[in-house]
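The values are calculated or read from the model by the stated rules, or taken from the named source; none is laboratory data. Predicted model, so just to flag it, every value in this text is computed and none were measured. Ideal geometry is used to build each Cβ from the backbone, glycine not excepted, and the neighbour counts take in all protein chains shown. The area values use the complete protein model at the heavy-atom level, side chains included, leaving out ligands, DNA and RNA. Shrake-Rupley method; radii C 1.70, N 1.55, O 1.52, S 1.80 Å.
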Amino acid sequence: MIDQLDDIEARVSAALDQAVDLEQLEEWRRATIGRKGEVQLLTRRMGEIGPADRPAFGKRINEIKASLQVAFEARQEALKRSAHDNDDDDRLDVTLPGRRPTLGGLHPSTLVMRRIERIFGDMGFQTYRSPDVVTDQLNFGDLNMPPDHPARDMQDTFYTTDPSVVLRTHTSGGQILAMQEQYPAPVRVILPGMCYRNEQITSRSEIQFHQIEGLAVGPAITFADLKGTLTEFARRLFGEGRGARFRASYFPFTEPSAEMDIACFLCDGEGCQLCKETGWLEILGCGMVHPTVLWNGGYDPEEWSGFAFGMGPERIAMLRHGIRDIRYFWSNDLRFLRQFQRFV
Ligand code: DAH
């Protein structure tokens, strides 16, 4: 009886080699090592054998089952592989031209901001992040704008459920945090970030927009440092030879304060619609850090001085590219966004 097992194994193995596709292989499995297959059912024939031979008989059956299982899996693997190789759909035609990958692009605001960060980075300014949600104190109070200060009217503010916590209306509060974090000077940072104002959305004003704040503090920083740094910045951003000027202005957190203009891109100073016939485009506000602000940042104004500036990258991009409506920036219209592979 045990001898018969060898014959069965040989026959079943030969049948396995005959299976030429996965379907036939499955048929073979069902007929042999499957639950009701011939090999599986051999165990039932134990009864036909004398008790003395039973252990050897059982052991032999188990060996056969195990080796057939291994052979089955190997055959299955081989058939699967050759099925795949013969599948016309999957075959690789190396002569076909490649598919052009669709490349995304950076948002124009990101492009301008990176350019600006890079320029200041090259001049030794570190990029610093400050939070979007801040106390009323940081956004206004620490910047020399007490609750009844008239300058607060210029900024319609988004308040949170806690009236002492606001969405920042400008990045200037970050100056205080940067000074507090970095003592003693030199402090040389720029602070890019989103700002929020509760305004009517029009072609000229959005409820959110970016600003890039800048701050330098040291033992003997003067207005000449401010002018030199910002003039060099404008030269690197807009190119050699674009005229620039500083105009006296007012901000509560700087004294003296100024605004920087550059010669109009469109008319080069002649006067046109873009520059409202002035020949100049305002690109940023700046000034010497007010003594009170230095003090609030932990710097004694008797010992230290500094300059600060703030600019709007969307505004700069609009002037640079003649974009007439600020709403394009957040409307996600690909026809607009696609035009900006790089700034300038
Ligand atoms: N915070 C001002 C604004 O939102 C911009 C500004 C002006 C920032 C002068 C400054 C500065 O740091 O010195 O319009």
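Can you spot a residue in the range 110-117 that is among the acidic types (Asp, Glu), within 13 Å of the ligand (Cβ to nearest atom) and touching a Ser or Thr at 6+ places or on another chain (Cβ under 6 Å)? There is no residue in the range 110-117 that is among the acidic types (Asp, Glu), within 13 Å of the ligand (Cβ to nearest atom) and touching a Ser or Thr at 6+ places or on another chain (Cβ under 6 Å). For the range 266-283, residues that are within 16 Å of the ligand (Cβ to nearest atom) and surrounded by 18 or more Cβ atoms within 10 Å (Cβ to Cβ) total 2.
Does Asp156 satisfy the condition of being modelled with pLDDT under 95, open to solvent by 50 Å² or more (accessible area, probe 1.4 Å) and either under 27 Å from the mean Cα position of the chain (by Cα) or within 14 Å of the ligand (Cβ to nearest atom) (or both)? Yes, satisfied.
Filtering the range 284-331 to residues that are open to solvent by 10 Å² or more (accessible area, probe 1.4 Å), in a helix (DSSP H, G or I) and under 17 Å from Leu106 (Cα atoms) leaves Met318, His321, Tyr328, Trp330. If I filter the range 78-104 down to residues being open to solvent by less than 100 Å² (accessible area, probe 1.4 Å) and in a helix (DSSP H, G or I), which single residue comes out as modelled with the lowest pLDDT? Restricting to residues being open to solvent by less than 100 Å² (accessible area, probe 1.4 Å) and in a helix (DSSP H, G or I), the top hit is Asp90.
When the strands (runs of 3 or more DSSP E) confined to the range 190-265 are screened for residues that are acidic (Asp, Glu) and either open to solvent by less than 10 Å² (accessible area, probe 1.4 Å) or in contact with a Lys or Arg (Cβ under 6 Å, 6 or more places away or on another chain) (or both), those reaching at least 1 such residues are found at 208-218, 254-263. Of all the residues in the range 43-64, those that are part of a helix (DSSP H, G or I) and either touching a strand residue (DSSP E or B) at 6+ places or on another chain (Cβ under 9 Å) or not charged (D, E, K, R) (or both) number 10.
When Met318 is tested against (1) more than 16 Å from the ligand (Cβ to nearest atom); (2) at pLDDT below 95, only condition (1) is not met.
All of (1) crowded, with 16+ Cβ neighbours inside 10 Å; (2) within 22 Å of Glu117 (Cα to Cα); (3) touching a Gly at 6+ places or on another chain (Cβ under 7 Å) hold for Arg168 with one exception: (3). Return yes when Ser109 is in a helix (DSSP H, G or I), in contact with a helix residue (DSSP H, G or I) (Cβ under 8 Å, 6 or more places away or on another chain) and hydroxyl-bearing (Ser, Thr, Tyr) and no when it is not. Yes: the conditions hold for Ser109. Could you tell me whether Asp142 is surrounded by 13 or more Cβ atoms within 10 Å (Cβ to Cβ) and at pLDDT 90 or above? Answer is yes for this residue. Note on the range 231-263: among residues that are within 12 Å of the ligand (Cβ to nearest atom) and among the charged types (D, E, K, R), the one that is nearest to Gly312 (Cα to Cα) is Glu259. Is it true that Asp148 is farther than 18 Å from Pro313 by Cα, in a loop (DSSP other than H, G, I, E, B), open to solvent by 100 Å² or more (accessible area, probe 1.4 Å) and out of contact with any strand residue (DSSP E or B) (no Cβ under 7 Å at 6 or more places or on another chain)? Spelling it out, Asp148 is indeed farther than 18 Å from Pro313 by Cα, in a loop (DSSP other than H, G, I, E, B), open to solvent by 100 Å² or more (accessible area, probe 1.4 Å) and out of contact with any strand residue (DSSP E or B) (no Cβ under 7 Å at 6 or more places or on another chain). Can you pull out every residue in the range 171-183 that is open to solvent by 40 Å² or more (accessible area, probe 1.4 Å), touching a residue at least 12 places away in the same chain (Cβ under 8 Å) and outside any helix (DSSP H, G or I)? Of everything in the range 171-183, just one residue is open to solvent by 40 Å² or more (accessible area, probe 1.4 Å), touching a residue at least 12 places away in the same chain (Cβ under 8 Å) and outside any helix (DSSP H, G or I), namely Tyr183. Scanning the range 50-77 for residues that are surrounded by 15 or more Cβ atoms within 10 Å (Cβ to Cβ), over 15 Å from Glu23 (Cα atoms) and not small (Gly, Ala, Ser) returns Phe57, Arg60, Ile61, Ile64, Lys65, Leu68.
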